[in-house]
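Peer 1: Questions regarding the structure given below will be posed in turn.
Rule-based calculations on the coordinates, nothing more; no lab input. All values derive from a computational prediction rather than experimental measurement. Cβ coordinates were reconstructed from backbone atoms using ideal geometry, including for glycine residues, and neighbour counts include every protein chain displayed.
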Amino acid sequence: MFTMRSSTDDRKRAHYAALRVVAVYEHRRYGGRSGRYVHEREVAIILNMLPAGGRILDLPSGTGRIGEALKRRGFDVLSADSSRPMLEACAQRGLAPRVQMDAFRPCFRVGSFHAIVCLRFAYHYPSIDGLLSVLRPLLRPNGHLILDCLNWSVFSWVPILKWQFAGPLYIHDAERIASAASRAGLEVLKHRSGFFLSQLLYRYLPLALVRRLERLERHAPDTWFVKTYYCLGERLATALPAA
Ligand SMILES: C[S@@+](CC[C@H](N)C(=O)[O-])C[C@H]1O[C@@H](n2cnc3c(N)ncnc32)[C@H](O)[C@@H]1O
């Protein structure tokens, strides 16, 4: 098991368990018309990667913004998070069932989910291996694991900004994701990069500019984007050569 626990993890969990953080979580990231647009774009990226229907683990659920969107599209969503106030925010959205747990010590049976959606989480941890090694067994055969990773971030460069998130953010590039996936018996089935700036900043831009930036993305190389969304699935056995 590659799980790395540290006092930073405890600090991060405590940060997201604070009522004042939960109260402003969505407003600060997805508030206003531009923030809402970014949230909806993110939901569309996830839906585009998932086969329709099935049992989904939204981990960590946070306030349930993703879980609610998936439930509305007919998925059977289970919300899990280490933060009780975050789960209470899920309850206010009508999301059930909910489970309070540590993502690195999941309490579900092997093969419980058709898909796991794990957003805004992997970049809080230095190693992807730990996360993949605990989540992969929870997937049914042909299940999907969706996660987003940072390719770069001003928040990881400027020490004082790190404390926005109660600790550092980690960069996991495409090569690192592909090799960690392979070690976990998974492979990258689809990926989609997007956003020129931190999503925290998009929320403050006029909507017209946010749309314009999105159109410009079509002409930009992958390395320019802050984030990449990955859909991982079981690695297919290497085909045997024909006899
Ligand atoms: C940035 S939020 C992301 C929430 C949601 N996925 C989203 O995209 O809005 C990070 C969440 O991870 C939760 N969290 C942090 N460490 C955790 C852990 N070890 N196990 C489970 N949840 C954890 C926090 O409580 C918080 O709700």
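Peer 1: Putting +1 on Lys and Arg Cβ atoms and -1 on Asp and Glu Cβ atoms, find which of 79, 123, 18 reaches farthest to the positive end of the dipole of segment 10-126.
Peer 2: 18
Peer 1: Would you mind computing Rg(Cα) / (2.2 N^0.38 Å) for the chain, counting N as its residues? If you can, show how the numbers build up before the last one.
Peer 2: Values: Rg = 17.6 Å, N = 243, 2.2 N^0.38 = 17.7 Å.
The reported ratio for this selection is 0.99.
Peer 1: Can you tell me the FRET efficiency between residue 178 and residue 73 if r is taken as the Cβ-Cβ distance and R0 is 41 Å, rounded to the nearest 0.05?
Peer 2: On the way: r = 29 Å, r/R0 = 0.70.
Approximately 0.90, to the nearest 0.05.
Peer 1: Turning to a different aspect of this structure: Given q = 0.14, 0.15, 0.16 Å⁻¹, what are the Debye log10 I(q)/I(0) values for segment 180-238, with equal point scatterers placed on the Cα positions and solvent ignored?
Peer 2: Log10 I(q)/I(0), no solvent term: -0.52, -0.57, -0.62.
Peer 1: Here's a follow-up. Once phi is turned into θ = phi - 60°, what whole-Hz ³J(HN,Hα) does the Karplus curve with 6.51, -1.76 and 1.60 give for every residue of segment 24-39, x standing for Gly and Pro?
Peer 2: Going residue by residue, I get 10, 3, 6, 4, 6, 9, 10, x, x, 5, 5, x, 4, 4, 5, 4 Hz, with x marking Gly and Pro.
Peer 1: What is the gain in length, in nm to one decimal, between residue 96 and residue 216 on full extension, counting 0.36 nm per residue of separation less the C-alpha to C-alpha distance?
Peer 2: Working: separation 120, 0.36 × 120 = 43.20 nm, distance 3.90 nm.
Computed gain between residue 96 and residue 216 is 39.3 nm.
Peer 1: What is the spin-label model distance, in nm, from residue 27 to residue 208 if the labels are put 7 Å beyond Cα along the C-beta direction?
Peer 2: Placing both labels 7 Å along Cα→Cβ, they lie 2.8 nm apart.
Peer 1: To continue, here is another question. Quickly work out the residue 41-to-residue 223 label distance, labels modelled 7 Å from Cα along the C-beta direction, and quote it in nm with one decimal.
Peer 2: Taking the two extended label points, one gets 2.2 nm.
Peer 1: Also: With 10 angstrom as the radius, rank 144, 219, 191 by how many other C-beta atoms surround their C-beta, starting from the fewest.
Peer 2: So the residues, fewest neighbours to most, are 219, 191, 144.
Peer 1: Evaluate the distance, in nm, between pseudo-label points positioned 7 Å from the Cα of residue 14 and of residue 171 along their respective Cα→Cβ axes.
Peer 2: About 3.0 nm separates the two model spin labels.
Peer 1: Using θ = phi - 60° and the Karplus curve 6.51 cos²θ - 1.76 cosθ + 1.60, what whole-Hz ³J(HN,Hα) does each residue of segment 128-134 get, with Gly and Pro shown as x?
Peer 2: Coupling constants for segment 128-134: 7, 4, x, 5, 5, 5, 8 Hz.
Peer 1: Another one. What percent antiparallel are the DSSP beta bridges of the chain, to the nearest 5? Display every interim value, and only then the final one.
Peer 2: Details: 15 of 31 bridges.
Rounded to the nearest five, the antiparallel share is 50 percent.
Peer 1: First measure r as the distance between the Cβ atoms of residue 201 and residue 109, then evaluate 1/(1 + (r/R0)^6) with R0 = 45 Å and state the FRET efficiency to the nearest 0.05.
Peer 2: 0.65
Peer 1: What residues qualify as long-range amide H neighbours of residue 225, i.e. H under 5 Å apart, gap of 5 or more or another chain, H built at 1.01 Å from N?
Peer 2: Residues meeting the criterion, in which the H sits 1.01 Å from N, do not exist here.
Peer 1: What's the tally of Lys pairs in the chain whose alpha-carbon atoms lie under 24 angstrom apart, where the two lysines are 8 or more places apart or on different chains?
Peer 2: 5
Peer 1: Continuing with this model, one more query. Can you list the equivalent-ellipsoid semi-axes of segment 39-156, largest first and in whole Å, using the square root of 5 times each Cα gyration tensor eigenvalue?
Peer 2: 19, 17, 16
Peer 1: Still on this structure: Please report 66, 171 as a ranked list, fewest other C-beta atoms within 10 angstrom at the top and most at the bottom.
Peer 2: 171, 66
Peer 1: If neighbour count is taken as other Cβ atoms inside 10 Å, put 101, 86 in order from fewest to most.
Peer 2: 101, 86
Peer 1: Roughly how far apart, in whole Å, are the Cα centres of segment 221-235 and segment 103-141?
Peer 2: So the two Cα centres are separated by 17 Å.
Peer 1: Which whole-Hz ³J(HN,Hα) couplings does segment 210-219 yield from phi under the Karplus relation 6.51 cos²θ - 1.76 cosθ + 1.60, θ = phi - 60°, glycine and proline marked x?
Peer 2: Karplus values, whole Hz, x for Gly and Pro: 4, 5, 5, 4, 5, 5, 5, 4, 4, 9.
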